[in-house]
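Data block below; observations after.
The values are calculated or read from the model by the stated rules, or taken from the named source; none is laboratory data. Predicted model, so just to flag it, every value in this text is computed and none were measured. Cβ placement follows ideal geometry from the backbone for every residue including glycine, while neighbour counts extend to all protein chains displayed. Accessible surface is based on the protein model in full, side chains and every heavy atom, while ligands, DNA and RNA are left aside. Shrake-Rupley method; radii C 1.70, N 1.55, O 1.52, S 1.80 Å.
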Amino acid sequence: MSDNDTKKPTGDAQPPPKGAPTDTPAAKIGSEPSNPPAGAKLETPPAAHSAPTAAPPPPPAPKPAGPPPPKNPGFITCTIDGKEVVVKPGTNMVEAAKMVGSDIPYFCYHPRLSIAANCRMCMVEASNAPKLVPGCQTPLVEGQVIKTNTPKVKEQQRAVMEFLLLNHPVDCSICDQAGECKLQDYYMRYDYRPSRLEGGKVMKNKRKVLGPRVVLDQERCIICSRCVRFMNEIPKEPQLGIFGRGSHEVIDTFPGSELNSNYSLNTVDICPVGALLSRDFRFRARSWFLSAAPSVCTGCSRGCNIYADFMAQDTYRYRPRENEAINKSWMCDHGRATYKGLNTGRVLSAVVGRQQGTGTARPEVARKEALQAAAKALSGVKGQVAVLASPVASNEDLLASLSFAKATLGAKELYVGGRPQGEADHFLLTADRNPNRKGLELIAQGLGLTLKPFEDLVKAMDGGKVKALYAVGTEVPGNEETFAQAAAKLDVFVAQATNESPLTAQATVLLPASAHVEFDGSFVQGDGIVQRFRKAYPSKGDALAHWALAAELTREMGGTAAWTSSREVFRELGKAVSAFAEFDWDKAAPPDREKPGINPLPTAADGRPPGYREFGAPRVRGI
């Protein structure tokens, strides 16, 4: 260390180094340099007034050119895999790549959740970055060039897959996610190599029950954090967290709590692997044995769009189907459980005569014979029969049945039945547990029928004013046992029912009705949106749709009903309802097959075949 290094500054002027320009006033006057070179000594400095005029300063250097104006003002134009794409500002690379047919794989990304970018599967090359960038997190900029299939990108994808599979158990043969698992699909597409792991895998909890409806296999979890983000951001019920560090990191509930949200099963839908599973669906069916029918949930008046996954004539589960205006990509657990009524407790045969005593068998007859008995009974009470309609029935069912009730039975009033009210929640579930109350109101108004509450029917029956009843659906908002006792006193009680109940046991003629997954139709949800649903499989037993039963009764009683499909019912009778005037029954139908023919949609994460979940026009899918 020299003496100068330890010397403190004094603030005094320091002598300039040798050869440095001098900062004296005399040196600034004139055109000569203030420090002439050695050997050139100025005798007398020239006078300021005799100095020649100074040359004008050179023009300033031009500023570097800025970025060129956007090719498409208001949008971002870039190139992905040699193809030009025009997107809105803020669009990430994953969504933009879909528009040109390129596939950027991902695990943690979800278009309806915040960006985590922790799986590193979506890394791609960008012209303005020296390293690979995560496609889900990086917005596009003007003129950018993106490459998704270079050797560098492919090696990154292979390395990520190898890392994720190091401690992943090889139990695909017993995993419920098999056939709709992103890890399976991506292994076959981006890795397809044997493991290089030497030694044992990290062992975790294989059956961690998180709540009443969800079970977790911690060994299969890849810590994509989708489930944690969903619970925090969508239902806003933060019941899941990530605990631990490194290879021992796990998803779990907070100590002393459980995953009991009414939206917990959405975490099963968005889990890209087989870590989160439904306790109801677990070990019941393989996805490749199931088919999917686009339908509408009947659990409440929200009308969430769903896929009904079925095999043969049994429904195995409901999954949310995207609808931006109604349910986005989600549905509640209450609605998912309503599929069970399609499989159990069904009315599958026609019955004439009331049940005599508990547990006694009722005489089942052919449907034709029951229809003749019902027509004969109703013919004797024309103009005196009360009509009970359930808002669980579809628009087509109500159009045909209520038209029959008005034109043939002479009804002028309509009593509204349906399921009893429940509690609404903060997100999707409404208090009205009926899918088509709005449709019933619109149809009754169009047909000129006066709506009356269910309580008025109970009072009229107790007072002896009603001796005959025709019921389109046997769901009632009151106590079923009490109403069944009152119905037992009726002289004529013709009921069209889907499920058995204490009330159906008291029907003098019971006609089996189809469930909504057994025919094409439509509902009007609580906000007045008309929605189509598709047929999944043929009706069970001798059941017919309510509209078909009404057509048969019309013909048995001497009327004319030429309808042969729910489409014809809607097109002919829907003219009376002004709210249906602009609804195109055919165009509103969701696609139920990939190509013309009898092949239904195979089930998978969004109703498409395994491995092809990105197939089709790009859109916000939420899967």
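Couple of notes before you dig in:
- Protein accessible area in the stretch 469-531, 1.4 Å probe - carbon and sulfur %: 44 percent
- Average accessible surface for the chain: 49 Å² per residue, computed with a 1.4 Å probe over protein heavy atoms with every protein chain in place.
- Of the trypsin sites (Lys or Arg not before Pro) found in the stretch 507-605, those that fall in a DSSP loop while having at most 12 other beta-carbon atoms within 10 Å are Lys587.
- In the stretch 163-278, taking the dipole from charged Cβ atoms about the Cα centre, the farthest positive-side position among Phe230, Asn260, Gln218 is held by Gln218.
- Cys with no candidate disulfide partner in the chain (beta-carbon separation under 4.7 Å rule): Cys78, Cys122, Cys136, Cys172, Cys175, Cys181, Cys221, Cys227, Cys271, Cys300, Cys332
- Each of Val352, Leu140, Leu447 was scored by the projection of its Cα onto the charge dipole of the chain, and the greatest displacement toward the positive side belongs to Val352; charges sit on the C-beta of Lys, Arg, Asp and Glu.
- Inter-probe distance in nm under a simple model that places probes 7 Å from Cα toward Cβ, at Val141 and Arg207: 5.4 nm
- Comparing Cα centroids, the stretch 158-233 and the stretch 80-119 end up 23 angstrom apart.
- For the stretch 76-149, the ratio of Cα radius of gyration to the globular rule of thumb 2.2 N^0.38 Å stands at 0.98.
- From its DSSP helices (H runs of at least four residues, each -39,500 (n - 2.57)), the chain gives a residue-normalised ellipticity at 222 nm of -5500 deg cm²/dmol.
- For Lys71 and Lys152, the difference between the fully extended length at 0.36 nm per residue and the C-alpha to C-alpha distance is 26.2 nm.
- Rounded FRET efficiency, nearest 0.05, which uses the C-beta distance separating Arg571 from Arg112 and R0 of 22 Å: 0.05
- For the chain, the longest principal axis of the Cα atoms and the long axis of helix 367-379 meet at an angle of about 70 degrees.
- Residue (of Ala374, Cys332, Leu388) at the positive-pole extreme of the stretch 303-390, dipole from beta-carbon charges: Ala374
- Helix 151-165 axis, angle to the chain major axis (alpha carbon atoms, nearest 10°): 60 degrees
- Remark: the stretch 494-560 projects, on average over all directions, an area of 6.1 nm² (convex hull of Cα atoms).
- Reachable aspartates and glutamates from Lys83, criterion Cα separation under 20 angstrom, eight or more residues apart if same chain: Glu95, Asp103, Glu125, Glu142, Glu614
- Radius of gyration (Cα atoms) of the chain, expressed as a multiple of 2.2 N^0.38 Å: 1.46.
- Simple Cβ-charge dipole of the stretch 163-278, Lys/Arg +1 and Asp/Glu -1, about Cα centre, in debye nearest 20: 200 debye
- At R0 = 60 Å, FRET efficiency that the Cβ-Cβ distance of Lys412 and Val86 yields, to 0.05: 0.50
- With all projection directions averaged, the alpha carbon convex hull of the stretch 295-342 covers 3.0 nm².
- Percent carbon-and-sulfur accessible area, the stretch 199-343, ignoring ligands, DNA and RNA, probe 1.4 Å: 52 percent
- Members of Lys438/Lys575; Lys406/Lys540; Lys376/Lys406; Lys438/Lys535; Lys340/Lys438 lying beyond 19 Å, as alpha-carbon distances in this model show: Lys406/Lys540; Lys438/Lys535; Lys340/Lys438
- Approximating the spin labels as points 7 Å out from Cα along Cα→Cβ, the Ile174-to-Asp527 distance works out to 4.5 nm.
- Distance violations [Cα-Cα > 20 Å] among Lys182/Lys236; Lys412/Lys467; Lys98/Lys587; Lys236/Lys328: Lys182/Lys236; Lys98/Lys587
- Magnitude of the charge dipole for the chain, about its Cα centre and with charges confined to Cβ atoms of Lys, Arg (+1) and Asp, Glu (-1), is about 620 debye.
- At q = 0.12, 0.17, 0.20, 0.23 Å⁻¹, base-10 log of I(q)/I(0) for the stretch 163-278 (Debye sum, equal scatterers on each alpha carbon): -0.43, -0.84, -1.13, -1.42
- Stokes-Einstein diffusion for the stretch 351-580, with the hydrodynamic radius set to the Kirkwood value over Cα pairs and evaluated at 37 °C in a medium of 0.692 mPa s, equals 186 µm²/s.
- Rounded D (µm²/s) - the stretch 323-467, Kirkwood Rh over Cα pairs, Stokes-Einstein at 20 °C, 1.002 mPa s: 119 µm²/s
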